[in-house]
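The values are calculated or read from the model by the stated rules, or taken from the named source; none is laboratory data. Since the model is a prediction, treat every value here as computed from it, not as a measurement. All Cβ positions, even for glycine, are placed from backbone atoms using ideal geometry, and neighbour counts span all protein chains on display. To get the accessible areas, we keep the full protein, side chains included, count just its heavy atoms, and leave off ligands, DNA and RNA. Shrake-Rupley method; radii C 1.70, N 1.55, O 1.52, S 1.80 Å.
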Amino acid sequence: MKTLKFKLYQHKRNRHLKRTINAAGVIYNHCIALHRRYYRMYGKYLSCAKLQSHIAKLRKRNSFWQQVGSQAVQDICQRIDKAYQLFFKHNKKGVRPPGFKKVKKYKSFTLKQAGYKFLSGNRVKIGSKVYQFWKSREIEGTVKTLTIKRTTLGELFMVVVVDDGSPEVEVKTGRIAGFDFGLKTFLTCFSSGDATRTDGTKIESPQFFKQSLNAITKAARQHSKKLKGSSNRERARKNLVRKYEDISNRRRDWFWKLAHELTDKFDVLCFETLNLKGMQRLWGRKISDLAFGEFLQILEWVAKKKNNLVVFIDQWYPSSKTCSSCRHVLENLDLSVREWRCPSCQSVNGRDENAARNIQMVGASSIRLGDVRQAMPAIAV
């Protein structure tokens, strides 16, 4: 499966798509209300099949709801059902059930087998209207779904999922690398027997939000000064949103390039499992700016496409406290200590470089590519 994203041309007829998204938001909120009412009355969960059947009957009597295709309505019910299943599975971890959304902030609707048709050139027919889009690449393969998304700026994008059926790219370098994520350095890399990236190579993060902090602060101040409900405030809001989107786009572009660079040089990439939500509570904006979770999602997708392997070691393995030479484990190691001497073998270990080496050895042993005896099981300290 491959996902392609295209921007629709600005046109007056786009209001029909925006009205459809608004109608989808109304249906979504009605489905949430039905779920809550059903639970209050019967103490049970409303199944997806029953919800789809009931919404289909209501849709026949509501002309505004009929702007949303039948398959798009079914997809809304499936989205809600999936959100509730995640809530039932992970409610002890703080996951909350789906709630109501403002219709103006509702983002998308999805069409599956019907409701759209690609015409010649860069035109697509959605419903009874024809729209043009920026065709940055050819659409090759079987189209599975088509999603219309609305941004906070009011721009419309078309997201197409296709099954291209092309063979997967397989890159074999015979290299395995360990990576340690840090606040001062985005990634510290260790790869044994590698000529391009040696022990302790550091990859610095551009910290895009920090670079644009002054511009963001100025735009937010200008927005807060404008009268609520005025056109000037709306203009200032869009200016602020553009600043944030620019940061997000530059960061994502850097993540994709870095993911391709790493997967081209290494076959197996080892990382430590981190509690990113807990780290965000401690360091806040710093963790959000680094966006390590988003990078891992992109890296896993690229690695899967190239038949590479991403390995995560145990969250509680003391990678920073363990000496990579003799496996001695320290009882305590303060975060401010960047370098320490092992009391057993007297070797000097850099905090990040030592952690990256341990992550590489434990990751290799977990998939039986390294010396299992050397990489001891995780020790909770």
Legend entry - Selection from segment 249-279 of residues that are under 16 Å from the mean Cα position of the chain (by Cα), surrounded by 13 or more Cβ atoms within 10 Å (Cβ to Cβ) and within 28 Å of GLN315 (Cα to Cα): ARG251, ARG252, TRP254, PHE255, TRP256, LEU258, ALA259, LEU274, LEU276
Inset, instruction - Just need a number here: residues in segment 278-298 that are on the phi > 0 side of the Ramachandran plot and touching a residue at least 12 places away in the same chain (Cβ under 8 Å). - result: 1
Inset, instruction - From (1) hydroxyl-bearing (Ser, Thr, Tyr); (2) surrounded by fewer than 19 Cβ atoms within 10 Å (Cβ to Cβ); (3) part of a loop (DSSP other than H, G, I, E, B), pick out the condition that doesn't hold for SER288. - result: (3)
Inset, instruction - Of the conditions (1) buried (at least 16 other Cβ atoms within 10 Å of the Cβ); (2) acidic (Asp, Glu); (3) without any contact (Cβ under 8 Å) to a residue 40 or more places away in the chain, ASP334 clears all except one; give me its number. - result: (1)
Inset, instruction - Tell me, yes or no, whether segment 299-321 has at least one residue that is open to solvent by less than 30 Å² (accessible area, probe 1.4 Å), without any contact (Cβ under 8 Å) to a residue 12 or more places away in the chain and within 29 Å of SER248 (Cβ to Cβ). - result: no
Inset, instruction - Starting from segment 123-138, take each residue that is free of Cβ contacts under 8 Å to residues at least 12 places away in the same chain and list its partners that are β-branched (Val, Ile, Thr), counting only C-beta distances under 6 angstrom and pairs at least six apart or across chains. - result: ARG123/VAL130
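Is it fair to say SER120 is outside any strand (DSSP E or B), among the small types (Gly, Ala, Ser) and either modelled with pLDDT of 85 or more or open to solvent by less than 40 Å² (accessible area, probe 1.4 Å) (or both)? Spell out how you get there, then give the answer.
On the way: outside any strand (DSSP E or B): yes; among the small types (Gly, Ala, Ser): yes; either modelled with pLDDT of 85 or more or open to solvent by less than 40 Å² (accessible area, probe 1.4 Å) (or both): yes.
The answer is yes for SER120.
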Inset, instruction - Go through segment 229-282 and give me each residue that's among the aliphatic types (A, V, I, L, M) and assigned to a helix (DSSP H, G or I). - result: ALA236, LEU240, VAL241, ILE247, LEU258, ALA259, LEU262, LEU276, MET279, LEU282
Inset, instruction - Please find, among LYS243, LYS218, the residue that is in contact with a Ser or Thr (Cβ under 9 Å, 6 or more places away or on another chain) and either more than 20 Å from TRP301 (Cβ to Cβ) or open to solvent by less than 30 Å² (accessible area, probe 1.4 Å) (or both). - result: LYS243
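Take the conditions more than 30 Å from LYS304 (Cβ to Cβ), free of Cβ contacts under 8 Å to residues at least 40 places away in the same chain, open to solvent by 50 Å² or more (accessible area, probe 1.4 Å) and part of a helix (DSSP H, G or I) and apply them to ARG36. Does it pass? Working first, answer last.
Values: more than 30 Å from LYS304 (Cβ to Cβ): yes; free of Cβ contacts under 8 Å to residues at least 40 places away in the same chain: yes; open to solvent by 50 Å² or more (accessible area, probe 1.4 Å): yes; part of a helix (DSSP H, G or I): yes.
The answer is yes for ARG36.
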Inset, instruction - Within segment 50-99, track down each residue that is open to solvent by 70 Å² or more (accessible area, probe 1.4 Å), within 30 Å of SER128 (Cα to Cα) and among the hydrophobic types (A, V, I, L, M, F, W, C). - result: PHE64
